[in-house]
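Here is the structure we will look at.
The values are calculated or read from the model by the stated rules, or taken from the named source; none is laboratory data. Since we're looking at a predicted model, the values are computed, not measured. Glycine also receives a Cβ, built like all others from the backbone with ideal geometry; neighbour counts cover every protein chain displayed.
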Amino acid sequence: MAVLRVRKYGDPVLRRRALPVGEITGEVRAIIADLVETMYDEVGIGLAAPQAGVSLRLIVVSDEEGRGAEALVNPVIVEQGGQATAEEGCLSIPGIFAPVTRAAWVRVEATSAEGRPLSLRATGLRARVLQHELDHLDGVLFIDRLDPVTRDRIKRRIKKEGLREDAAHHAFAL
Ligand code: NI
């Protein structure tokens, strides 16, 4: 297992639409293990493969108890509802935090690392993490979901000051 380099805002891989995972081979399982290790190293609670430079539809999220990690292969939101606003950050945009409005709950279907079909319903922070990570698979970053004025202010700030590498370790960085 290895800790992978987390790609930062400006890296084209973060804007690419990731490809579906075909068969869950040993190589895919090795990527999952590396993503889990990288997520823990960064003290994140979720990580999408493109953030580690791997353009595949694959995410890891810490489990509901916060003790282990779960991999979701080819995850899809099949149902969602409600609305909730809360502050988010992203390991790929260190030092930037802003409130994002998303669905309050989601139902996600995916394949497990063992190749089994998964269906999970999530609310609260877990629903937010899933939506944030699934966005990464489509090349969407949380700042894209802000109102245009806030988004432009953040983009100008990044252009002017760059990203604060020391600010990466934040409890809500995804
Ligand atoms: Ni993120």
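Of the residues making up the range 100-113, one or more are part of a strand (DSSP E or B) and within 15 Å of the ligand (Cβ to nearest atom). For ARG116, the requirement of being closer than 30 Å to PRO20 by Cβ and surrounded by 15 or more Cβ atoms within 10 Å (Cβ to Cβ) is not met. Could you list, in sequence order, all residues of the range 78-93 that are surrounded by fewer than 16 Cβ atoms within 10 Å (Cβ to Cβ) and touching a Pro at 6+ places or on another chain (Cβ under 9 Å)? THR85, ALA86, GLU87, listed by residue number. Scanning the range 16-52 for residues that are within 12 Å of the ligand (Cβ to nearest atom), in contact with a helix residue (DSSP H, G or I) (Cβ under 9 Å, 6 or more places away or on another chain) and outside any loop (DSSP other than H, G, I, E, B) yields GLY46, LEU47, ALA48, ALA49, PRO50, GLN51, ALA52.
Residues are listed down the side, and each one gets a yes or a no for (1) farther than 22 Å from ILE32 by Cβ; (2) surrounded by 12 or more Cβ atoms within 10 Å (Cβ to Cβ):
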position: VAL73; (1), (2): no, yes
position: GLY95; (1), (2): yes, yes
position: THR111; (1), (2): no, yes
position: LEU120; (1), (2): no, yes
position: ASP135; (1), (2): no, yes
position: PHE142; (1), (2): yes, yes
position: ARG145; (1), (2): yes, yes
position: GLU161; (1), (2): yes, no
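For every residue, the table says whether it meets (1) over 14 Å from the mean Cα position of the chain (by Cα); (2) under 17 Å from PRO94 (Cα atoms); (3) aromatic (Phe, Trp, Tyr); (4) crowded, with 21+ Cβ neighbours inside 10 Å.
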position	(1), (2), (3), (4)
LYS8	no, yes, no, no
ARG15	no, yes, no, no
PRO20	yes, no, no, no
GLU27	yes, no, no, no
GLY44	no, yes, no, yes
GLN51	no, yes, no, yes
VAL54	no, no, no, no
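Scanning the range 125-156 for residues that are more than 11 Å from the ligand (Cβ to nearest atom) and free of Cβ contacts under 8 Å to residues at least 24 places away in the same chain yields a count of 9. With respect to ALA171, determine if the residue is at pLDDT below 95 and either of a type in the set (Asp, Glu) or within 27 Å of GLY82 (Cα to Cα) (or both). Yes, satisfied. Within the range 83-110, being over 20 Å from GLU70 (Cα atoms) and out of contact with any Ser or Thr (no Cβ under 9 Å at 6 or more places or on another chain) holds for GLU87, GLU88, GLY89, SER92, ILE93, PRO94, GLY95, ILE96, PHE97, ALA103.
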